[in-house]
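The values are calculated or read from the model by the stated rules, or taken from the named source; none is laboratory data. No experiment lies behind these values; they were computed from the predicted model shown. Heads up, the Cβs are rebuilt from the backbone with ideal geometry, glycines too, and the neighbour counts pull from every protein chain shown.
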Amino acid sequence: MSSKFKSPNSYVYSFRFACLILIVFIFLIAPAGAVHLEAFNNSCIDCHKSLSPFTDEQIRFNDIRSNHTDRNISCSLECHEDIIRKKASDNFQQWSDSGHSSYFVTCDTCHGGNPDVNTEIEAHSPMKNITDPESPIYYKNIPETCGKCHSTELEHFKNTMHYQRLSAEKRAPSCVNCHQPHSFKVLKASEITTLCSVCHNQKDQIASANVPGDAKFALEKADELKEDIRLAENSIYEAKAQGKDITSARNDLDKAKSVLNDVPSLWHSFDLKDFDNQIQIGIDSADRAQGKLGDIEQTVPSVPGIGIVLVMGIFTVLYLIRKR
C-alpha cells in the first residue's frame with residue numbers, strides 16, 4: 001500500500017486526538033471566557049433583558065393608549081402594562097449599549113433593589129420611588145449617586161452654580177440632564193449648544209446667553225488637543241525609528257496627555273475660561289513636541305527606476321522574437 005494512504009487506525013487516532021483537544025478546551029479554556037457572563041449573574045439583568053422589543057402594531061396601539069391616558073380616558077390595566085414593559089425594554093437596551101454595561105455597573109447600582117432574588121416583588125421591595133427624597137435617583141441625590149464612582153467629577157461639580165441651584169430648586173441641571181439616564185452618553189461639541197440653550201438664552205435670562213457658544217468652542221478645542229496629541233505621537237514614533245533623540249519631545253507629549261486626562265474633571269467645574277486656558281496649555285505642549293523633532297524624513301518604498309523597466313522590456317521583446 002502506498003504511504004500516502006492512511007490506515008483506518010490512523011483516522012481513529014486522529015479522531016481521538018481531536019476529541020482530547022476539545023475536552024481540554026471545554027474544561028480549561030472555556031471557563032475563562034465564561035467570567036464575563038458570570039459577572040452579569042444579576043436578577044435585574046436576567047429579568048429586564050427578557051422583555052421583548054415591541055412590534056410596530058404594538059407600538060401603534062401603545063401610542064393610542066398613551067393618548068387616552070393624557071385625556072383622562074379610563075383604560076384597563078392591560079393597556080398600561082404594555083407601555084410599562086416597553087419603557088423597561090428600552091431602558092435595558094440603552095444600558096446594554098452604554099459604557100456602564102462594559103464595566104458591570106448594573107441597575108441596582110443606581111436604583112437600589114436586591115439583585116440576588118428572582119421575584120419581581122422581592123427584587124423591587126428595597127427600591128424607593130423617584131419622588132422620595134431618600135431615593136438615590138431623586139433629582140437632588142443624583143450627583144451623589146453618580147459620585148460614588150465619579151468622585152473627581154463630583155468634587156468639581158460641587159463648586160459650581162449648577163450644584164448650588166440644584167440644592168435649592170428642581171430646575172437646575174444634574175448629571176442626567178447632560179449624560180441621559182441609561183445611555184450615559186458623552187455629548188459632542190455639535191450637541192452641546194442645544195442643551196445649554198435650554199437655560200442659557202436671551203428669553204429666560206437665567207444666565208449668560210453666551211454660554212452655549214462658549215461651551216461648543218471649548219469642546220471643539222478639546223477635540224483639537226486630541227488630534228494634536230495623535231500627530232505628536234506619530235512624529236515621535238517616526239523620529240525614534242530614525243534614531244533621533246525623543247526625550248524632550250516625549251516630556252512635552254506627556255504634559256499634553258496629562259491635560260487631556262484631566263478634561264472630564266475640568267469640564268465639570270463649568271469654568272469655561274479656565275477650561276480653555278488648560279486646553280491651550282495642552283495644545284502648546286503637543287505642538288512643542290512636534291517642533292522639537294524637526295522635519296521627519298519620510299521613508300518611501302523604493303520603486304524600480306525607469307532604466308530597469310526599459311532593460312526588462314527589451315529582454316522581453318528579444319525573448320519573444322527568438323521564440324517566434
Exercise. Since GLU122 meets every condition but one in (1) modelled with pLDDT of 90 or more; (2) surrounded by 13 or more Cβ atoms within 10 Å (Cβ to Cβ), which condition does it not meet?
Worked result: (1)
Problem set entry | Residue in region 223-265 that is surrounded by the fewest Cβ atoms within 10 Å (Cβ to Cβ), counting only those that are of a type in the set (Lys, Arg) and in a helix (DSSP H, G or I) | ARG230
Problem set entry | Only listed residue being under 24 Å from the mean Cα position of the chain (by Cα) and farther than 30 Å from LEU154 by Cβ, chosen from LEU225, LEU231 | LEU231
For this session: Return yes when THR145 is of a type outside the set (Asp, Glu) and assigned to a helix (DSSP H, G or I) and no when it is not.
Result: yes
For this session: Please state which one of ALA222, ALA256, ALA249 is in contact with a helix residue (DSSP H, G or I) (Cβ under 6 Å, 6 or more places away or on another chain), touching a residue at least 24 places away in the same chain (Cβ under 8 Å) and under 30 Å from GLN93 (Cβ atoms).
Result: ALA222
For this session: Identify, by number, the condition in (1) over 26 Å from GLY291 (Cβ atoms); (2) out of contact with any Cys (no Cβ under 9 Å at 6 or more places or on another chain); (3) not polar (S, T, N, Q) that ARG230 doesn't meet.
Result: (1)
Exercise. Among (1) at pLDDT below 95; (2) in the same structural domain as GLU224 (by TED's automatic domain parsing); (3) more than 30 Å from VAL211 (Cβ to Cβ), which single condition is LEU253 missing?
Worked result: (1)
Seminar exercise, completed: Taking region 112-130 and keeping residues free of Cβ contacts under 8 Å to residues at least 60 places away in the same chain and outside any loop (DSSP other than H, G, I, E, B) leaves ILE121, GLU122, HIS124
Problem set entry | Matching residues in region 164-194 - criterion: being part of a helix (DSSP H, G or I) and either assigned by TED's automatic domain parsing to the domain that holds ALA215 or touching a residue at least 24 places away in the same chain (Cβ under 8 Å) (or both) | LEU166, SER167, CYS175, VAL176, ALA189, SER190, ILE192
Exercise. Take the residues of region 131-140 that are surrounded by 12 or more Cβ atoms within 10 Å (Cβ to Cβ) and without any contact (Cβ under 8 Å) to a residue 24 or more places away in the chain: which is nearest to PHE157 (Cα to Cα)?
Worked result: TYR138
For this session: Can you give me the number of residues within region 194-222 that are farther than 25 Å from GLY147 by Cβ, buried (at least 17 other Cβ atoms within 10 Å of the Cβ) and either modelled with pLDDT under 85 or polar (S, T, N, Q) (or both)?
Result: 1
Exercise. If only one of GLU169, GLU191 is out of contact with any helix residue (DSSP H, G or I) (no Cβ under 8 Å at 6 or more places or on another chain), acidic (Asp, Glu) and either crowded, with 17+ Cβ neighbours inside 10 Å or within 24 Å of GLU155 (Cβ to Cβ) (or both), which one is it?
Worked result: GLU169
